[in-house]
Amino acid sequence: MFVDKAKIYVKGGDGGDGLVAFRREKYVPEGGPAGGDGGKGGDVIFRVDEGLRTLMDFRYQRHFKAQRGEKGRNKSQHGANAENMIVRVPPGTVVIDDDSQEVLADLTRHGQQVVVARGGRGGRGNIRFATPNNPAPELAEHGEEGEERWVVLELKVMADVGLVGFPSVGKSTLLSVVSAAKPKIGAYHFTTITPNLGVVEVGDGRSFVMADLPGLIEGAHEGVGLGHEFLRHVERTRLIVHVVDMAGSEGRDPFEDWQKINDELRQYNADLEKRPQIVAANKMDMPEAAEHLTKFREEVTKVRGDLEILPISSLTRQGIQELLYRVSDLLEQIPEAPAIEEVTELAERKIYKLDKTEDEGFTIRRENETFVVESVKIERMMKRMQLNSHDAILKLARTLRHMGVDDELRKRGAKDGTPVRIGDFEFEFVEGSSYYY
Ligand SMILES: Nc1nc2c(ncn2[C@@H]2O[C@H](COP(=O)(O)OP(=O)(O)OP(=O)(O)O)[C@@H](O)[C@H]2O)c(=O)[nH]1
Ligand SMILES: [Mg+2]
């Protein structure tokens, strides 16, 4: 089966934690700080590989997580950055953010790549926090978390030729006799529900890719039947081979069928009317077919004199070789892949940056005895800090004072020992002079 859509989870590696360490030298009982920074987490990168034609692999592996950066090392050494994770995708893959539905990238060229989840930065080691007042801080940062998201991959079939027509006209049968593809064939409508691709070797060294698509019915452009699912694929083909059932099975009229399908194509996308098209008049092995074909030709000539109609039978293989030669000839005249828009560069990466004022602000509310402080800046800082050391807590306290949180708490009646909470962290308010940080 040809899979053309997949939803997968990607996560960049977390940054390595910064290290708290001190030099241990001979004759120096308490050396200076020596904890290095953590390494960067790996990025998850999608890279186009023209050897791939399907999203099949993503049915078996849906989670892609890059490695985390190494922890900072002793003797002020940086932890190693993690390797990036390269995920191969076929040309024509559109990457959509599942949350925002924003198109992140339209990957068409071999080797083209896009970072879908960045790895986090490494945390700083304690060597970075040394100051004249605190030359040996017990303070280091956590590595930043890697980006994570769910993305939907959509593969627009990059076939040269698309087979269109009502259900049961013989599209899949045709593909199966001209290529190695093994599409399901059935006497009932909508046997084909996802596109099948086949490489057609013409016999004179030429070849092209043909897509067998689900049958189309009236109202398809509005999504009836397999509607949009199917029409989306037709858009990307260079040549339409319109398969018409000349046996007139189920009391159908071939000319009416042909018109109805063309109406659906046009209503879905007006450009499809201009797409080169030829008719494969199928099931010519059936007794009534010849008569139907004559009538069909007459009627078509009235509305579109230049339309090529090639009689075939997928069953007896009559006319098949002629059809393939004709298709190859036409493809040579049609420029390469006009339906595929030139490489759209990676959609701008949205950076969610709060403006400065919002960042610096804070609010205080009361929950019974406890004052609850809410602030983007402080909470972000606490997330980065390893709040298990005295120095880290001092740094937090200093920030609170600089931001005016202390003054505000005092104004609102906080006293020595009043409980204060920020995020998950609870502490007691300490009054005035006893603050020395
Ligand atoms: N007599 C005759 N029968 C054919 C020919 N081609 C296909 N059929 C039959 O027509 C029926 C439908 O064939 P499919 O190839 O599944 O048709 P389809 O257009 O792919 O149909 P959907 O996938 O449902 O849209 C099957 O029973 C085929 O055996 C042909 O040239 N002659
Ligand atoms: Mg079919």
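The values are calculated or read from the model by the stated rules, or taken from the named source; none is laboratory data. From a predicted model like this one, the values you see are computed outputs, not experimental measurements. Cβ: placed from backbone, ideal geometry, glycine included. Neighbour counts: every protein chain shown.
At-a-glance table
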quantity: Residue in region 327-334 that is at pLDDT below 95, more than 16 Å from ligand 2 (Cβ to nearest atom), part of a loop (DSSP other than H, G, I, E, B) and among the aliphatic types (A, V, I, L, M) present; calculated: yes
quantity: When residues of region 236-252 are limited to those that are more than 15 Å from Ile334 (Cβ to Cβ) and out of contact with any helix residue (DSSP H, G or I) (no Cβ under 7 Å at 6 or more places or on another chain), the one nearest to ligand 1 (Cβ to nearest atom); calculated: Ser249
quantity: Verdict on Ala159 being in contact with a Ser or Thr (Cβ under 7 Å, 6 or more places away or on another chain) and not polar (S, T, N, Q); calculated: yes
quantity: Output for region 56-79, where each listed residue is crowded, with 20+ Cβ neighbours inside 10 Å and under 15 Å from the mean Cα position of the chain (by Cα); calculated: Phe64
quantity: From the options Arg266, Arg317, Arg275, residue that is within 25 Å of His189 (Cα to Cα), assigned to a loop (DSSP other than H, G, I, E, B) and touching a helix residue (DSSP H, G or I) at 6+ places or on another chain (Cβ under 9 Å); calculated: Arg317
quantity: Looking only at region 170-213, and only at residues there that are of a type in the set (Lys, Arg) and touching a helix residue (DSSP H, G or I) at 6+ places or on another chain (Cβ under 7 Å), the one that is nearest to ligand 1 (Cβ to nearest atom); calculated: Lys184
quantity: Residues (touching a residue at least 12 places away in the same chain (Cβ under 8 Å) and either in a helix (DSSP H, G or I) or in contact with a Pro (Cβ under 6 Å, 6 or more places away or on another chain) (or both)) located in region 372-392; calculated: Val376, Lys377, Ile378, Glu379, Met381, Met382, Lys383, Arg384, His390, Asp391, Ala392
quantity: Residue within region 189-198 that is closer than 20 Å to Met246 by Cβ, at pLDDT 80 or above and over 30 Å from the mean Cα position of the chain (by Cα) present; calculated: yes
quantity: Check on Val151, more than 16 Å from ligand 2 (Cβ to nearest atom), at pLDDT below 95 and out of contact with any helix residue (DSSP H, G or I) (no Cβ under 6 Å at 6 or more places or on another chain); calculated: no
quantity: Near pairs, Cβ below 9 angstrom, 6+ apart or cross-chain, from region 184-204 (free of Cβ contacts under 8 Å to residues at least 40 places away in the same chain and within 21 Å of Asp329 (Cβ to Cβ)) to any residue that is in a loop (DSSP other than H, G, I, E, B) and within 8 Å of ligand 2 (Cβ to nearest atom); calculated: Gly198/Pro183
quantity: In region 258-311, the residues that are within 16 Å of ligand 2 (Cβ to nearest atom) and at pLDDT 95 or above; calculated: Ala280, Asn282, Lys283
quantity: Pick from region 366-421, criterion surrounded by 18 or more Cβ atoms within 10 Å (Cβ to Cβ) and acidic (Asp, Glu), ranking: modelled with the highest pLDDT; calculated: Asp406
quantity: Conditions (1) touching a helix residue (DSSP H, G or I) at 6+ places or on another chain (Cβ under 9 Å); (2) modelled with pLDDT of 95 or more: number failed by Ser76; calculated: (2)
quantity: Sole residue being of a type in the set (Gly, Ala, Ser), over 30 Å from Pro335 (Cβ atoms) and touching a residue at least 12 places away in the same chain (Cβ under 8 Å), chosen from Ala159, Ala117, Ala181; calculated: Ala117
quantity: Close pairs (7 angstrom Cβ cut-off, 6 or more residues apart or separate chains): farther than 30 Å from Lys75 by Cβ in region 35-60, in a loop (DSSP other than H, G, I, E, B) and of a type in the set (A, V, I, L, M) anywhere; calculated: Val44/Ala66; Thr54/Val3; Leu55/Val3; Met56/Val3; Arg59/Val3
quantity: Any pair with Cβ under 7 angstrom, 6 or more apart, that starts in region 242-265 at a residue that is surrounded by fewer than 19 Cβ atoms within 10 Å (Cβ to Cβ) and ends at one that is aromatic (Phe, Trp, Tyr) and outside any strand (DSSP E or B); calculated: Phe255/Phe296
quantity: Residues of region 266-281 satisfying the condition of being crowded, with 19+ Cβ neighbours inside 10 Å, among the small types (Gly, Ala, Ser) and more than 23 Å from Gln321 (Cα to Cα); calculated: none
